Each structure stands twice: as C-alpha cells, then as structure tokens.
1. Could you work out the equivalent-ellipsoid semi-axes for the stretch 92-210, taking the square root of 5 times each eigenvalue of the Cα gyration tensor, largest first, in whole Å?
2. Pulled fully out, how much extra length does the chain show between Ser137 and His51, if you take 0.36 nm times their separation in residues and subtract their Cα-Cα distance?
3. Angle between the Cα long axis of helix 224-235 and the longest principal axis of the chain, 0 to 90 degrees, nearest 10?
4. Any chance you could give the angle, 0 to 90 degrees and rounded to 10, that helix 302-315 forms with the longest Cα principal axis of the chain?
5. So what's the Cα pair-distance distribution over the stretch 171-226, bin width 5 Å, in %?
6. From the phi of every residue in the stretch 173-179, what ³J(HN,Hα) in whole Hz does the Karplus formula 6.51 cos²θ - 1.76 cosθ + 1.60 yield, where θ is phi - 60° and glycine or proline is x?
7. Using alpha carbons only, what's the Rg to Rh ratio of the stretch 236-319 with Rh from Kirkwood?
8. Give me Rg over Rh for the stretch 127-171, both radii from the alpha carbons and Rh done the Kirkwood way, two decimal places.
Amino acid sequence: MRAPRRRWTRAVVTGGAGFVGSHLCTALIDRGTQVICVDDFCTGSPANVAHLAERDGFTLLRADVTEPFTVPEPVDLVLHFASPASPADYLRLPLHTLEAGSLGTAHALALAREHQARFVFASTSEVYGDPQQHPQSERYWGNVNPVGPRSVYDEAKRYAEALTTAEAGVHGVDTAIVRLFNAYGPRMRARDGRAVPTFIRQALAGEPLTVSGDGSQTRSITYVDDTVEGVLAVAASELSGPINIGNADELSMLELARLVTELCDSASEIRFVERPTDDPSVRCPDISLACDKLQWEPRTPAREGLARTIAWFRDHPET
C-alpha cells in the first residue's frame, strides 16, 4: 500500500473487531500507529484482532459506542466504523443499527472533539438507495425508501453523515466522510448475508448458489486492502468528503456467482430466488474525486481478490 501523507501517534477504531475495522487496525499498527480497538462484539469478533494481541501499541476495549465511552490517552485519529453492516445483521438488530448511526456517531465525534483529532466516518453506498444516477457520484442525493426494511441501515448512515457535517460546522471538528462500496475479503463471516461470502460458502459446500431475481442487478466489489488504503488516504488528506471508495468495475450478481463457482472449482448450480425488497438494481461508484485528489484507485482485480478470499475461507471453514 502507498504510505499516507499524515502520520498518527494513536488512533481509535470503533468497530475495530469487525471485518473492515480489523484490517484498518492491522494497517495502522503496521505503520507504527498505536491503536485502541473499540467493539462490543455484536457482529465483530475478538478472533479478528487476535493476531494483534501481542503487538506493541494495540489495545482492545470492549465497549458499546451507543453508550458514552472515554479514552484517557491522547488521540489524533478517530475512525468510526461501528455498525452492523450486512443485511442479516441490521435486519436482526434494527434498533441497535439506528443507535450506532445516531448515538454512536455522536459519542465518537465527542471523543474526536475532546482530543482535537481527525475524524473519519464510514458511510456506505447504500445512502444512494436504488439509484437513478449511474454511476453514482458524491453529488447525487440518492433514492432511498425511508420506511423500507433496509431503511434502518440506510437512514442511520444518512443521519450520521448529516451529524458529522454539522459537528464540523458548529464545533470545528476535522471530519471526513467515506462512502464504501461492497468491500470484501478475508475475515468476512460466511453467513453474514452478503453476496461474496454467501456464494463462496455455498460453492465450497457444493450447494446451489442462490442468486436473487434474474441476477442482472450489479455491484462493484472492492477488495479490503484497497478499501483500507482508500480510507487511510482520506484520513491523511485535508478532504472532508463525502468521498466514494470503491471499484468502478461492475459485475452482475449472476456473473459474480459464476466467477466464484469457477474459482472454487465447484460443481454447484445456480438457483434463482426471490429478490429482496428495495434491492438496488445497479451499484457502481464514480471515483474520479478519489483518483484526482488522492491519487487512489483500487488495484486488485476481482479474480485475484476473490481467489485470496476463497483461500481464506478454505482455511477457516467454521467462520
């Protein structure tokens, strides 16, 4: 990965034992930044950061960000990634998801304000809803159902973006918003409901791959190393965002299922199932802002990233 332009002494990563959060913790420790990983393990796992337990400068703090929490040590970076993120999780934990976006963001912002730290909020491509603009640029306001089954996640993130923006305007907190597009890679949970781990689990088990609708809906998947590089590039910049961090290469769900089947060397068939309510028809980021201002773009082809992810699932069949 390219080195960030700004160095930090100590960072707080909320949701640091989650999928993307754990990779952020690792990247920061590898760069010599001390890390306080904050997680309540409602969807994350201590196993995701077990490899950091003996590393100098790593601290694991079990705390629910929907409750006020404190960090006595000086902090110069707060990365707020605490939230259920997969459909299976936010549909199971709707109120907690809303509270993580509202109360959790307020508490993380208060921590950044107290320490005069840089604050980066992890938003999502889901703020664009089922978009009527394609690809989606940061200037697009979205097409979101505020009372649909996905709204607990979509609206929590949209509110948190507004809160982050207001905090910067009122209290002068140095904030940034990143909108992540379908990150994937090692440490995803096999049954978290997202397409990549679901397809890999099914293909490795020889089960039919369940593709919703006719499979023509698209996603733009981004390997986690590229996602982390993009997030840290934003953190190290002076940009406030929102900034799309994703992959401009688009795949249909049917294409993704077939590619996973091929890479797993699986004989699994494709089974078409009912499409979820408010499932977006297209999803592809306009990443020209990140390319122009940060000289960042994803570098891991889908075939390579999926092969790495499949290898990890083969080695961790119980996830």
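1. 30, 17, 14
2. Fully extending the segment from Ser137 to His51 adds 27.3 nm.
3. Computed tilt is about 30 degrees.
4. In the chain, helix 302-315 runs at an angle near 90 degrees to the longest axis.
5. 4, 15, 20, 22, 15, 8, 6, 4, 3, 2, 1
6. Rounded to whole hertz, the list is 5, 7, 10, 8, 10, 10, 9.
7. Rg/Rh for the stretch 236-319 comes to 1.05.
8. 1.04
The values are calculated or read from the model by the stated rules, or taken from the named source; none is laboratory data. The model shown is predicted, which means the values in this text are computed figures rather than measured ones. Every residue, glycine among them, receives a Cβ derived from its backbone with ideal geometry; neighbour counts consider all protein chains shown. Areas reflect the complete protein model, heavy atoms only, side chains present, ligands, DNA and RNA absent. Shrake-Rupley method; radii C 1.70, N 1.55, O 1.52, S 1.80 Å.
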